[in-house]
Amino acid sequence: MSEVKKTVAGIDIGSRSIELVVLENGKVVDSRRVPTTFDPLAQCRLLLADLPDLPMVATGYGRKLLVDGLPERRMTAITEIQAYALGSHHLYPEARTVLDIGGQDTKVIALSPAGKVLKFEMNDRCAAGTGKFLEFMATALQVPLPEFGDFALRADKRLQINSMCTVFAESEATSLMARGEKAANIALGLHLAIVQRTLAMLRRVSDTPPFLFAGGVAHNACMRVLLAEALAPPLIIPEEPDMVGALGAALYGRQQPAG
Amino acid sequence: MPTPYDEMWEKLNLDLQAHEGLLAVLGKFYGDIYLTQDKRLKGMEYLDFVLSEVHGLRIKELQEAKAQSRKIIGTFCVFVPEEIILAANGVCVGLCAGAEIGKEAAEKILPRNTCALIKSFVGFKLARLCPFIESCDLVVGETTCDGKKKAYEIFADYAPVYVMEIPQMKNACDRDLWKAEIRRFKDKIEEITGNTITAEKLAAATTIVNDRRRALQRLNRLRAASPVPISGRDVLLINQVSFYDDPIRFTQQINKLCDELEERVKAHQGIVPENTPRLMLSGCPMAVPNWKLPYLIESSGAVIVGEESCIGTRNTRDLVEEKGQTVEEMLDALADRYMRIDCACFTPNTERLDNITAMAKDLKVNGVIHYGLSFCTPYATEAFKVEKALQAAGIPMLAIETDYSMEDVEQLKTRVEAFVEMVR
Ligand code: SF4
Ligand code: SF4
């Protein structure tokens, strides 16, 4: 690669939010987030409005939408698997297993020491075990989502919630409440259910530490504690866990020949 | 729109209105997936034609055969020895169905968690949309997976069903059972056609079917070239059409197509650049018009160079030995050849693992995509073993489980694209 200044952008269009990272000579010079809403394309236009014409790489479930919808931009696309692999390896070259829990899907990626994807699995067929599930349950327990993790950590006992289906879990939670169970205990039970499901998926793909936990759900304190408890240390959590995909996309753009 | 076939379809008791809708959808689907391809072989025009006439000209041919008192025998599995049918001057048609048709009706008489293939052939029958089933004098089922085995019991209320017993293992006693089953089948076919199967007729029939296998083997050798000279979609289509086209005409046409392919390979011409990732499909059969996954793969920057499936190499890999002189010797040869089929319904089924690994190496693939229909236990379970075997050989595998619906296309696309990025 030449030494000339190279600026690239990565955009991760997820089901809940859209993230943007701009890299200049490998340094993050800008990073932003907007909610996805029902019109992701309009949100992207807004997000990119003041950016000059620079090479961009889109990832996430809306990547195609962006490539087709913004023909005026120099835009390529990669999958979120590739993006999270690149981003994770860049931030923490030692990471060997990436767990990403986003708004509507969960991914596990096994990485080689050189950062190459060895194997991956995604669950994107139902909300069970994803950020959507947590959001739903937080609403049911009337706790603001950003506080849901801390709220659950105040539990004094570990309840078993058996249903992972969002609808059934809610009715299970409701009947526990009716029996007088503390809301915090129920919240912890719901987090435990997600962790169990996530671990099963994770172990199918890779059991190699260090583990890196990314995606929006990595902000949740209870998920962090429970996963750290279950997995071989250290559990790496990036400072901005939901920017990893956008960063990876931008890094991909950096590797591409200029043009 | 009236067609020259309306009267024939009406006689076959098809639901004309729904049938017209089906053909329209099929035509559109075919146009999008097939006719948009670049650098297609001239020889594919034959396949385009056959497919466009799949419910027309071919059905007319079947009616003409019937008028000459030939019998039409439908099958659902590559275990049913076509040679026997042809030797009795019958016509054999594959009835496997690859479209989500009559699903609700099928779900009234079958459990919902039945694989799409079974639901589809039942659905086609209940919705009166398949002129092939309606033309059949006999429909041959077989005891392979539990889903099919039990579905035939129910299907027997709607069509004349005969069931062959397929062994589950490959010991000497299983081979004996299978030989006895072939003989019983021969008796049944002789009875229904009124023709005696002589050594001469059976030898001729064996050559016809072997010739078709040889043509498809030739196709598979040629398509393996680099750069890849024909799309995987096209090869899948050829394999699909082999199940209901006239075997002699089909073989001629495929050999012609292979001549063209040979030229292309010599000229080092490909349909995609040489460095395009080469993938192989493995698993459940993909019946017409189930082109969903191949299309997805080939529009994700990869090319398919092999199909390890019953609508693929499992049906064409082995020939029947043609040395036998007597009917008995020929039946032995048939029994031996069909016992080599490595379907996941068998236990253990280590041949399949060896065959997949060998094929993947031969074809120099970058990866294998294992295709399972939802609720197909035999293939879903075996996928774990396939993955292990491939892993040991250093070949990455992606397991996909899906059905005929289009609901999951976006999710599948992400998986397939990520796999292509990974193996590139
Ligand atoms: S997969 Fe097995 S049961 Fe199905 S057609 Fe092939 S051999 Fe028959
Ligand atoms: S795909 Fe599987 S479940 Fe369906 S008929 Fe074939 S073997 Fe049976």
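Calculated FRET efficiency, A:VAL34 and B:THR347, Cβ-Cβ r, R0 51 Å, to nearest 0.05? Before the final figure, lay out the partial values.
Working: r = 55 Å, r/R0 = 1.07.
About 0.40, to the nearest 0.05.
Over the stretch A:96-237, what is the percentage of antiparallel beta bridges among all DSSP beta bridges, to the nearest 5? Write out the running numbers ahead of the final one.
Numbers: 11 of 17 bridges.
Of the beta bridges lying entirely in the stretch A:96-237, close to 65 percent run antiparallel.
Using all Cα-Cα distances in chain B, what percent lands in each 10 angstrom bin from 0 up to the longest?
4, 22, 33, 28, 11, 1
Working out 0.36 nm times the residue gap between B:ASN255 and B:ASP146, then minus their Cα-Cα distance, what length gain in nm do you get to one decimal?
Numbers: separation 109, 0.36 × 109 = 39.24 nm, distance 3.77 nm.
Computed gain between B:ASN255 and B:ASP146 is 35.5 nm.
Given R₀ = 35 Å, FRET efficiency for A:ASP68-B:GLU262 by Cβ-Cβ distance, to 0.05?
Values: r = 39 Å, r/R0 = 1.13.
That pair, A:ASP68 with B:GLU262, gives E of 0.35.
Using a basic spin-label model with each label point 7 Å from the Cα along Cα→Cβ, how many nm lie between B:VAL25 and A:ALA228?
The two pseudo-label positions are separated by 5.3 nm.
If I take every Cα pair under 8 Å that is 6 or more residues apart in the stretch A:96-237, average their sequence separation and divide by the length, what percent do I get for the relative contact order? Walk me through the numbers before you get to the answer.
On the way: 251 pairs, mean separation 43.4, N = 142.
RCO, the stretch A:96-237: 31 percent.
Mind checking Rg over Rh on the protein assembly as shown, alpha carbons, Kirkwood formula for Rh? Numbers along the way, then the final one.
Values: Rg = 28.2 Å, Rh = 27.7 Å.
On the Cα set of the protein assembly as shown, Rg over Rh gives 1.02.
If the cut-off is a Cα-Cα distance under 21 Å, which lysines reach B:LYS256, setting aside same-chain residues fewer than 8 apart in sequence?
B:LYS39, B:LYS42, B:LYS266
Could you run the Karplus curve 6.51 cos²θ - 1.76 cosθ + 1.60 with θ = phi - 60° over the stretch B:145-150 and give me ³J(HN,Hα) per residue in whole Hz, x for Gly and Pro?
Working through the residues one at a time gives 7, 4, x, 5, 3, 6 Hz.
What's the percent breakdown of Cα-Cα distances in the stretch B:320-424 across 10 Å bins, shortest bin first?
Distribution as computed: 13, 33, 30, 15, 7, 2 percent.
Let me have the 222 nm mean residue ellipticity of chain B computed from DSSP H runs of 4+ only, each contributing -39500 (n - 2.57), with the sum over all residues rounded to the nearest 500.
Working: 19 runs with 225 residues, N = 424.
Roughly -16500 deg cm²/dmol at 222 nm, from the helical runs in chain B.
Using a probe radius of 1.4 Å on protein heavy atoms only, what is the accessible area buried between chains A and B, both sides summed, to the nearest 100 Å²? Walk me through the numbers on the way to the answer.
On the way: alone 12130 and 17820 Å², together 28580 Å².
Counting both chains, the buried surface is close to 1400 Å².
What angle do you read, to the nearest 10 degrees and between 0 and 90, between the alpha-carbon axis of helix A:166-178 and the longest principal axis of chain A?
Tilt of helix A:166-178: around 40 degrees.
Less than 11 Å Cβ to Cβ from A:HIS89, Lys/Arg counted +1 and Asp/Glu -1: what total charge do the surrounding residues give?
+1
Short version: ³J(HN,Hα) in whole Hz for each residue of the stretch B:389-402, in order, from phi by Karplus 6.51 cos²θ - 1.76 cosθ + 1.60 (θ = phi - 60°), x for Gly and Pro, what are they?
Those phi angles translate into 4, 5, 4, 4, 8, x, 10, x, 9, 10, 9, 10, 10, 7 Hz.
As a test of reading the structure, rank B:SER226, A:SER163 by solvent-accessible area (1.4 Å probe, protein chains only), most first. List each step's numbers first, then the result.
Details: B:SER226 55, A:SER163 25 Å².
Heavy-atom accessible area, descending, gives B:SER226, A:SER163.
So for the stretch A:88-157, averaging the separation of alpha carbon pairs under 8 Å that are six or more residues apart and normalising by length, what relative contact order in percent results? Numbers along the way, then the final one.
Numbers: 87 pairs, mean separation 15.2, N = 70.
Averaging sequence separation for qualifying contacts and normalising by length gives 22 percent for the stretch A:88-157.
Check the stretch B:311-417 and count each lysine pair with an alpha-carbon distance under 25 angstrom, considering only pairs eight or more places apart or from different chains.
Details: B:LYS361/B:LYS385; B:LYS361/B:LYS388; B:LYS364/B:LYS385; B:LYS364/B:LYS388; B:LYS364/B:LYS413; B:LYS385/B:LYS413; B:LYS388/B:LYS413.
Close lysine pairs found across the stretch B:311-417: 7.
Solvent-accessible area per residue for the stretch B:173-227 at a 1.4 Å probe radius, Å²? Could you put the intermediate results ahead of the total?
Details: 2350 Å² over 55 residues.
Value for the stretch B:173-227: 43 Å² per residue.
Quick one: which residues, 5+ away or cross-chain, put their amide H under 5 Å from the amide H of A:LYS119? H built at 1.01 Å from N.
Here A:ALA110 satisfy the definition.
Just to be sure I understand the model, the point goes 7 Å from the Cα along the line to the Cβ. What's the resulting B:LYS39 to A:SER163 distance in nm?
5.5
Counting alpha carbon pairs within less than 8 Å and at least 6 residues apart, what relative contact order, in whole percent, applies to chain B? Walk me through the numbers before you get to the answer.
On the way: 644 pairs, mean separation 73.2, N = 424.
It rounds to 17 percent for chain B.
Express in nm, to one decimal, how much length is gained between B:ASP354 and B:ARG112 on full extension, taking 0.36 nm for each residue of separation and deducting their alpha carbon distance.
Values: separation 242, 0.36 × 242 = 87.12 nm, distance 3.39 nm.
That pair, B:ASP354 and B:ARG112, stretches by 83.7 nm at full extension.
Direction-averaged shadow area of the convex hull around the Cα atoms of chain A, nm²?
Details: hull surface 55.5 nm².
Reported value for the Cα convex hull: 13.9 nm².
Within 10 Å of each Cβ in peptide B:406-418, how many partner chain Cβ atoms are there on average? Round it to a whole number, please.
Details: counts 0, 1, 2, 0, 3, 6, 1, 3, 12, 6, 1, 8, 13.
Taking the mean over all residues of the peptide, I get 4.
Just reorder B:PHE29, A:PHE120 by solvent-accessible area, largest first, 1.4 Å probe, all chains present. Kindly include the intermediate steps, with their values, before the conclusion.
Numbers: B:PHE29 60, A:PHE120 20 Å².
Sorted descending by solvent-accessible area, the residues read B:PHE29, A:PHE120.
Rank these by accessible area, largest first, 1.4 Å probe: B:LYS60, A:LYS132.
Ranked list, largest accessible area first: B:LYS60, A:LYS132.
Mind checking the mean number of beta-carbon atoms from other chains within 10 Å of the Cβ atoms in A:109-122? Don't skip to the answer; put the middle values down first.
On the way: counts 2, 0, 0, 0, 0, 0, 0, 1, 6, 2, 7, 6, 3, 4.
What the average comes to for A:109-122 is 2.
Mind jotting down the distance between the C-alpha centroids of the stretch B:94-111 and the stretch A:1-70, whole Å?
The distance from the Cα centre of the stretch A:1-70 to that of the stretch B:94-111 comes to 44 Å.
So for the stretch A:96-237, if I pair up every lysine 8 or more residues apart or on another chain, how many of those pairs have alpha-carbons under 17 Å apart?
Here the count comes out as 4.
What number comes out for accessible area per residue over the stretch A:96-237 if the probe is 1.4 Å? Units Å², please.
Numbers: 6040 Å² over 142 residues.
Heavy-atom SASA per residue in the stretch A:96-237 reads 43 Å².
Check each of the trypsin sites (Lys or Arg not before Pro) in the stretch A:142-193 and keep only those in coil by DSSP with at most 13 other C-beta atoms within 10 angstrom; list them in order.
Details: sites: A:ARG154, A:LYS157, A:ARG158, A:ARG179, A:LYS182; in loops: A:ARG154, A:LYS157, A:ARG158, A:ARG179, A:LYS182.
Of the trypsin sites (Lys or Arg not before Pro), the ones in loops of the stretch A:142-193 whose Cβ has at most 13 other Cβ atoms within 10 Å are A:ARG154, A:LYS157, A:ARG158, A:ARG179.
Run through the DSSP bridge list for the protein assembly as shown and note the antiparallel percent, rounded to the nearest 5. If you can, show how the numbers build up before the last one.
Working: 26 of 66 bridges.
If I count the DSSP bridges inside the protein assembly as shown, around 40 percent turn out antiparallel.
Using a Gaussian network model on chain A with a 10 Å cutoff between Cα atoms, which of A:VAL143, A:VAL29, A:VAL195 fluctuates the most?
Among A:VAL143, A:VAL29, A:VAL195, the largest mean-square fluctuation in the Gaussian network model of chain A belongs to A:VAL29.
Sort out for me the Cα centre separation of the stretch B:176-240 from the stretch B:358-424, rounded to whole Å.
27
If you restrict to DSSP beta bridges whose two residues both lie in chain B, what percentage is antiparallel, to the nearest 5?
Values: 0 of 27 bridges.
Of all bridge pairs located within chain B, approximately 0 percent are antiparallel.
By how many nm would the segment from A:GLU94 to A:MET177 grow when fully extended, if each residue of separation counts as 0.36 nm and the alpha-carbon distance is taken off?
Stretched fully, the A:GLU94-A:MET177 segment lengthens by 25.5 nm.
Hey, could you get me the Stokes-Einstein D for the stretch A:96-237, Kirkwood radius over alpha-carbon pairs, 4 °C and 1.567 mPa s, rounded to whole µm² s⁻¹?
Numbers: Rh = 15.2 Å.
After rounding, the answer is 85 µm²/s.
The values are calculated or read from the model by the stated rules, or taken from the named source; none is laboratory data. As the structure is a computational prediction, the values presented were derived from the model and not from experiment. Using ideal geometry, Cβ is built from the backbone for each residue, glycine included, and neighbour counts are taken over all protein chains shown. The area values use the complete protein model at the heavy-atom level, side chains included, leaving out ligands, DNA and RNA. Shrake-Rupley method; radii C 1.70, N 1.55, O 1.52, S 1.80 Å.
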